[in-house]
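Below you'll find the structure, written out as structure tokens, and then a few comments.
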Amino acid sequence: MIAISPSTTHLLLDIEGTTCPVSFVAEVLFPYARQRLEGFLEDQASDPEICSLIAALDAAWAGDDQLEAQALRARHRTGHTPCTGGEVVPYLRWLIDHDIKLTPLKDLQGRIWTAGYASGELVAPLYDDVPDALQRWHGGGLVLAVYSSGSVAAQQLLYGHSQAGDLCPLFSHWFDTRTGPKQAAASYGAIAEAMAVSPEAVLFISDSLAELEAAAEAGMAVLFSDREGNPNREGGCFERIGHYSQLALPHGAH
């Protein structure tokens, strides 16, 4: 049993490999968005927000110094005219295939997943122990928050359409890469500030050593999520947790 410190008031959770299997994102969500990119961008071509996303993605593409990305650009982007949705699709697919976490892409994926969740095609398979644990932690007085590389919209879709129903009301705060890189200590300091607590009052759980190192550097307590199917199960010097029944509420919590 792992006891949460009495000084901990906030629980910050990663998603992939922490509350939801990595396979759902890699084998379901990414392919779902990848297959629908072109049609979605064509259908939404007149939407100003989509036009802004396309412009941001085109700018990122122009500044991407990876040889593959520049070779794609040479083949698909000619002249200096504004980029269209169809032109940027090859770069988007390349980003998805290489699991490159670009914020405008995450925003776009979230918009595509919205339709999938709404139709019932997509249902988030949280680990079996997660729904009960979230209820227990919330009921015990902990403030729950999410920090994921997926957009806040995508996070809320996932928790709003889980096998246990809508769990969004259990969370008080949502953070994505607009706050900052997940491997940077400053991002965790900014999250604590946004939640109006000191970093020492926050426990962060993730399956990424780099993220845990950054959070620990910022002053947060951390736990390594060790789940079946995770690509990395080496927790280094961090305490591991493999099932949330192992995580006991602080003494005195109700």
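The values are calculated or read from the model by the stated rules, or taken from the named source; none is laboratory data. Please read these numbers as outputs of a predicted model, since none were measured by experiment. Cβ: placed from backbone, ideal geometry, glycine included. Neighbour counts: every protein chain shown.
Some observations on this one:
- ALA214 vs. criteria surrounded by 22 or more Cβ atoms within 10 Å (Cβ to Cβ), farther than 21 Å from PRO6 by Cα and free of Cβ contacts under 8 Å to residues at least 40 places away in the same chain: yes
- Contacts under 9 angstrom Cβ, first residue in the stretch 1-15 being assigned by TED's automatic domain parsing to the domain that holds LEU203 and of a type in the set (D, E, K, R), partner surrounded by 12 or more Cβ atoms within 10 Å (Cβ to Cβ) and part of a loop (DSSP other than H, G, I, E, B), 6 or more apart: ASP14/SER148; ASP14/SER149; ASP14/LYS182; ASP14/ASP207; ASP14/SER208
- GLY140 vs. criteria small (Gly, Ala, Ser) and either more than 23 Å from ALA216 (Cα to Cα) or in contact (Cβ under 8 Å) with a residue 12 or more places away in the chain (or both): yes
- Every residue from the stretch 18-72 that is β-branched (Val, Ile, Thr) and closer than 30 Å to GLU228 by Cα: THR18, THR19, VAL22, VAL25, VAL28
- Selection within the stretch 78-119: residues that are small (Gly, Ala, Ser) and buried (at least 18 other Cβ atoms within 10 Å of the Cβ). The member of this set that is nearest to the chain's Cα centre (by Cα) is GLY110.
- Taken over the stretch 217-231, the residue count meeting the criterion of being loosely packed, with under 15 Cβ neighbours inside 10 Å and either touching a residue at least 40 places away in the same chain (Cβ under 8 Å) or under 17 Å from ILE2 (Cα atoms) (or both) is 2.
- Residue list for the stretch 184-200, restricted to those being in a helix (DSSP H, G or I) and of a type outside the set (Phe, Trp, Tyr): ALA185, ALA186, SER187, GLY189, ALA190, ILE191, ALA192, GLU193, ALA194, PRO199, GLU200
- Scanning the stretch 135-157 for residues that are more than 17 Å from the chain's Cα centre (by Cα) and either among the charged types (D, E, K, R) or closer than 28 Å to PRO181 by Cα (or both) yields ARG136, TRP137, HIS138, LEU142, VAL143.
- Which listed residue is surrounded by 22 or more Cβ atoms within 10 Å (Cβ to Cβ) and either out of contact with any Asp or Glu (no Cβ under 8 Å at 6 or more places or on another chain) or assigned to a helix (DSSP H, G or I) (or both), from LEU144, LEU158, LEU122: LEU158
- Checked against the criterion of being under 26 Å from ASP128 (Cβ atoms) and in contact with a helix residue (DSSP H, G or I) (Cβ under 7 Å, 6 or more places away or on another chain), the stretch 184-195 contains not a single residue that satisfies it.
- Count of residues meeting criterion [surrounded by 15 or more Cβ atoms within 10 Å (Cβ to Cβ), in the same structural domain as PRO199 (by TED's automatic domain parsing) and over 13 Å from MET1 (Cα atoms)] in the stretch 233-254: 3
- When GLY139 is tested against (1) surrounded by fewer than 20 Cβ atoms within 10 Å (Cβ to Cβ); (2) among the small types (Gly, Ala, Ser); (3) at pLDDT below 95, only condition (3) is not met.
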